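Following: one structure in structure tokens, then a few remarks.
The values are calculated or read from the model by the stated rules, or taken from the named source; none is laboratory data. Keep in mind that what you see is a predicted model, and the values were worked out from it rather than measured. Positions of Cβ are backbone-derived with ideal geometry, glycine not excepted, and every protein chain shown enters the neighbour counts. Just the protein is used for accessible areas: all its heavy atoms, side chains included, with ligands, DNA and RNA removed. Shrake-Rupley method; radii C 1.70, N 1.55, O 1.52, S 1.80 Å.
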Amino acid sequence: MGISTPVLRTIVAGILAAGAATYVASIAVTHRKHKKTPPRSNPPTVSYPDYALSEHTFLSPSTCRTISWAEYGSLLSKNIVIYEHGLPGSRILPVGPNIKGKDIRVLAMDRPGMGFTSLPIPGKTIMETAIGDVYELLDHLEISEKVILCGFSAGGPHVLGIMFTHPEKIRATYCLGPATYLDEKINWDDLAPGPKSTNWWTQNFPRYTAFDMILRADKIVDCSNIIENMKNFSSEGDAIFLSENPVEAKGWQNVNYEAYRQGITGFLQSCMEIFGRVSTNPWPVVGDIVHQKGIEGQKVVIIHRESDHLTPPSGSRDLVRRLKAAGADAEFIFPEGPEGGHFQALNYGMDYILAHECK
């Protein structure tokens with residue numbers, strides 16, 4: 001005797017309801033259990049003393065928060081670069097050995113909730129707080145000349161936000177393999193399976209993504225084998241690059257250790273801001289670039305490798321179009337050369353800055 005359609009519908013509805021209830025309950029339990037992720041236990045500093053000129057913290061006079069940064073290059077240089085790291089990221093600059101003693105002074109900052117920098121101002125986004133931190137640092141160091149901005153990966157949107165806030169204080173802006181608007185203009189085939197899946201979930205089900213990250217916190221902060229992580233999440237090209245450059249691989253491992261020094265709260269919030277938005281609800285501060293005012297003639301250089309499968313290079317073409325529509329002097333550079341990936345954009349970009357801005 002077959003099951004009637006109404007009965008079948010009732011059974012299916014019951015199964016779906018039970019599944020939904022289990023899903024909601026699991027999220028609630030996860031949230032309750034991991035409401036506050038404990039910070040990881042790292043040594044006081046993990047950067048290399050032979051190429052980091054110095055590391056510092058100071059107390060913000062306006063927010064009473066700790067702001068942390070490291071310096072690289074030469075303290076005497078007037079070519080001052082503000083470096084904004086990716087996600088995960090920190091004040092540690094893996095290409096620091098390449099610029100030691102060069103005519104460049106790089107100030108690499110921990111963003112809010114990462115490294116030693118305090119969590120963002122209550123009610124403010126990571127980006128809003130980080131932009132304020134940059135200008136507080138410049139005031140603290142009594143730097144009045146125009147600075148160069150350099151943003152790697154998720155640091156790209158941040159340097160654009162810094163430039164839009166005070167374009168008169170910026171000499172040039174460089175976005176290296178930047179995170180981009182993930183909207184209908186992006187060729188999603190550019191992305192490796194790992195970031196493609198993460199970005200899709202972050203955009204469409206951000207609450208689930210947040211709980212999932214909290215649940216996997218212990219695994220996320222495990223930075224013991226960054227090369228293997230790159231194979232699993234990014235691309236073979238990135239893994240090969242890091243395996244052939246052990247000093248930089250160690251640097252990137254330390255970058256990630258410092259990113260999670262306080263736990264994953266800062267990292268998680270920043271991920272939601274940068275990757276959980278589309279063109280109809282764009283990045284904080286940056287907004288819809290096309291409608292930005294006051295950046296006419298502003299120099300912006302975007303460098304993105306075709307072999308980058310962690311952030312979509314097609315998105316950088318879109319960023320250039322938006323910047324030009326707003327009146328910026330935007331340029332797009334595709335480095336040629338051996339198969340690489342996401343991380344080589346930082347190497348190429350820093351060499352490019354040395355050659356074109358530090359004469």
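Tabulated data for the structure shown
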item: Residue 222 being over 28 Å from residue 289 (Cα atoms), assigned to a loop (DSSP other than H, G, I, E, B), free of Cβ contacts under 8 Å to residues at least 24 places away in the same chain and out of contact with any helix residue (DSSP H, G or I) (no Cβ under 7 Å at 6 or more places or on another chain); result: yes
item: Top-ranked residue in segment 205-219 [being outside any loop (DSSP other than H, G, I, E, B) and open to solvent by 80 Å² or more (accessible area, probe 1.4 Å); ranked as modelled with the highest pLDDT]; result: 215
item: Residue under evaluation residue 235, criteria (1) open to solvent by 20 Å² or more (accessible area, probe 1.4 Å); (2) modelled with pLDDT under 85; (3) not aromatic (Phe, Trp, Tyr), criterion not met; result: (1)
item: Selection within segment 92-117 - in contact with a strand residue (DSSP E or B) (Cβ under 6 Å, 6 or more places away or on another chain), closer than 19 Å to residue 179 by Cβ and modelled with pLDDT of 95 or more; result: 108, 109, 110
item: Some residue of segment 202-213 being small (Gly, Ala, Ser) and in contact with a Lys or Arg (Cβ under 7 Å, 6 or more places away or on another chain); result: no
item: When residues of segment 321-356 are limited to those that are within 17 Å of residue 173 (Cβ to Cβ) and touching a Gly at 6+ places or on another chain (Cβ under 6 Å), the one most open to solvent (accessible area, probe 1.4 Å); result: 329
item: Residue within segment 183-192 that is at pLDDT 95 or above and of a type in the set (A, V, I, L, M) present; result: no
item: Test: residue in segment 129-137 that is farther than 21 Å from residue 272 by Cα and among the hydroxyl-bearing types (Ser, Thr, Tyr); result: yes
item: Candidate set from segment 266-317 (those that are farther than 18 Å from residue 155 by Cβ, among the polar types (S, T, N, Q) and touching a helix residue (DSSP H, G or I) at 6+ places or on another chain (Cβ under 6 Å)); member that is modelled with the lowest pLDDT; result: 307
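The rows are residues; the columns are (1) over 30 Å from residue 227 (Cα atoms); (2) under 15 Å from the mean Cα position of the chain (by Cα).
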| position | (1), (2) |
| --- | --- |
| 301 | no, no |
| 307 | no, no |
| 313 | no, no |
| 323 | yes, no |
| 330 | yes, no |
| 334 | no, no |
| 341 | no, no |
| 346 | no, yes |
